[in-house]
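J.: Structure below; questions to follow.
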Amino acid sequence: QVQFVESGGGLVQPGGSLRLSCAASGFLFSYSTMSWYRQAPGKERELVAFISSSGGSTNYADSVKGRFTISRDNSKNTVYLRMNSLKPEDTAVYYCNGYDPGRGAPYYRSSWGQGTQVTVSS
């Protein structure tokens, strides 16, 4: 059974930082491209970043490029998202999932975790 457990969100002031974690299970994590998505109130879920199975290649949405860093630890089946210089428009629930680069879509579309809330506000 595929599972994702996200953590690390919270309330932070503009310009602040957070590090999100996502523990994954139920599939071969070390062979999987992984991703972070986010969903703001009233908006569709959007891709934030993805990372190759080895961690050697990363990609970011233009809105977060230069501020966010995705990384992974295959020994812990965990993917991370370091977020710096946070802006109010980064406020959203953040989710992780596998990623299919060929389709440009989440790999386990029926297995989303509960997400972690990030709120950027003064």
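J.: How far apart, in nm, are two points set 7 Å out from the Cα along the Cα-to-Cβ line at residue 19 and at residue 43?
T.: Result: 2.6 nm between the two label points.
J.: Mind checking the full-extension length gain between residue 53 and residue 30? Use 0.36 nm per residue of separation minus the Cα-Cα distance, one decimal, nm.
T.: Working: separation 23, 0.36 × 23 = 8.28 nm, distance 0.57 nm.
Value of the extension gain: 7.7 nm.
J.: Here is a follow-up. For the chain, which whole-number percentage of the solvent-accessible area (1.4 Å probe, protein heavy atoms only) is attributable to carbon and sulfur atoms?
T.: The value for the chain is 45 percent carbon and sulfur by accessible area.
J.: Something else about it: Based solely on C-alpha atoms, express the radius of gyration and the Dmax of the chain in angstrom.
T.: In order Rg, Dmax, the Cα atoms of the chain give 13.3, 41 Å.
J.: Leaving out ligands and nucleic acids, note down the accessible area per residue over the chain with a 1.4 angstrom probe, in whole Å².
T.: Numbers: 6280 Å² over 122 residues.
Spelled out: the 1.4 Å probe surface of the chain, per residue, equals 51 Å².
J.: Let me ask something additional. How many nm separate the modelled label positions at residue 100 and residue 84, each set 7 Å beyond the Cα in the direction of the Cβ?
T.: 3.5 nm
J.: Using the charge dipole of the chain (Lys, Arg: +1 at Cβ; Asp, Glu: -1 at Cβ; taken about the Cα centre), state which of 63, 106, 15 has its Cα farthest towards the positive end.
T.: 15
J.: Round to the nearest 0.05 the FRET efficiency obtained for residue 119 and residue 67 when R0 = 22 Å and r is the Cβ-Cβ distance. Provide the component values of the computation, followed by the final result.
T.: Numbers: r = 17 Å, r/R0 = 0.75.
My answer for the efficiency is 0.85.
J.: Enumerate the lysines that residue 87 could reach by cross-link, defined here as Cα to Cα under 21 Å, with residues fewer than 8 away along the same chain left out.
T.: Cα-Cα hits under 21 Å: 43, 65.
J.: Provide, as a two-decimal number, the C-alpha radius of gyration of region 11-83 over 2.2 N^0.38 Å, N being how many residues it has.
T.: Working: Rg = 12.8 Å, N = 73, 2.2 N^0.38 = 11.2 Å.
Against the empirical 2.2 N^0.38 Å value, I get 1.14 for region 11-83.
The values are calculated or read from the model by the stated rules, or taken from the named source; none is laboratory data. Owing to the predicted nature of the structure, the values given are computational and were not obtained by experimental measurement. With ideal geometry, Cβ positions are generated from the backbone for all residues, glycine too; neighbour counts draw on all protein chains shown. Side chains are part of the model used for accessible areas, which takes the heavy atoms of the whole protein and leaves out ligands, DNA and RNA. Shrake-Rupley method; radii C 1.70, N 1.55, O 1.52, S 1.80 Å.
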